[in-house]
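These notes concern the structure reproduced below.
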Amino acid sequence: MCGVATHHQQKEDPTVVAAADAQNYAQKLGITTDMVVQELGWDEDTDDGIRAAVEETIGGEMLDEDSDEVIDVVLLWWRDEDGDLVDALMDAIGPLADEGFVWVLTPKTGLDGHVEPSEIAESAPTAGLTQTSAANLGDWSGSRLVQPKARPANKR
């Protein structure tokens, strides 16, 4: 084989690429197998790629607002005209597990329904949440909100 180059055209399999993107979305959101995920604020404009990625990762469908299970992660699709974010966050954290978290997913800057990051930053503490990270998810931006950990009492 000395000096002979062989060229194999490798075409990317679109289903493998889609699966990799799906894995990436779920990974960015910190969602793993067997988590209980609740979806709030679904509408025609939500990103089916993100939704499919989450459902593929958890191995089932996301729960809707009528669920009475303890929730690990809430995906809250939120747009500028959706109302009061503090109220929505208060509702979202009701069934949330102690270690659970909320992703507020908003349309990116320049898209219909865009929400200023300052609105999320101001609403989170009012609802008793702390913003910990952000994620870039195609046409959507995600803000991860957690419940502050209870501090153990000082022992003297």
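Karplus-based coupling profile of region 100-115, in residue order and whole Hz: x, 8, 10, 9, 8, 9, 10, x, 4, 3, x, 9, 4, x, 3, 10, with θ = phi - 60° in 6.51 cos²θ - 1.76 cosθ + 1.60 and x standing for Gly or Pro. Counted residue by residue at 0.36 nm each, then reduced by the alpha carbon distance between them, the extension gain from ASN24 to THR130 reaches 35.8 nm. For region 32-144, the solvent-accessible area works out to 50 Å² per residue, with a probe of 1.4 Å and every protein chain left in place. Measuring between their Cα centroids, region 20-62 and region 91-125 lie 16 Å from each other. Taking the 1.4 Å solvent-accessible surface of region 32-144 as the whole, the part contributed by carbon and sulfur is 45%. Per-residue 3J(HN,Hα) values for region 83-92, derived from phi via the Karplus relation 6.51 cos²θ - 1.76 cosθ + 1.60 with θ = phi - 60°, read x, 8, 5, 4, 4, 4, 5, 4, 5, 5 Hz in sequence order (x marks Gly and Pro). Sequence-ordered 3J(HN,Hα) estimates for region 28-42 from the Karplus curve with 6.51, -1.76 and 1.60 and θ = phi - 60° stand at 4, 8, x, 9, 10, 3, 6, 6, 9, 10, 10, 10, 10, x, 4 Hz, glycine and proline given as x.
The values are calculated or read from the model by the stated rules, or taken from the named source; none is laboratory data. Model, not experiment: these values are computed from the prediction. Remember, those area values only see protein heavy atoms, side chains included, never the ligands or the DNA or RNA. Shrake-Rupley method; radii C 1.70, N 1.55, O 1.52, S 1.80 Å.
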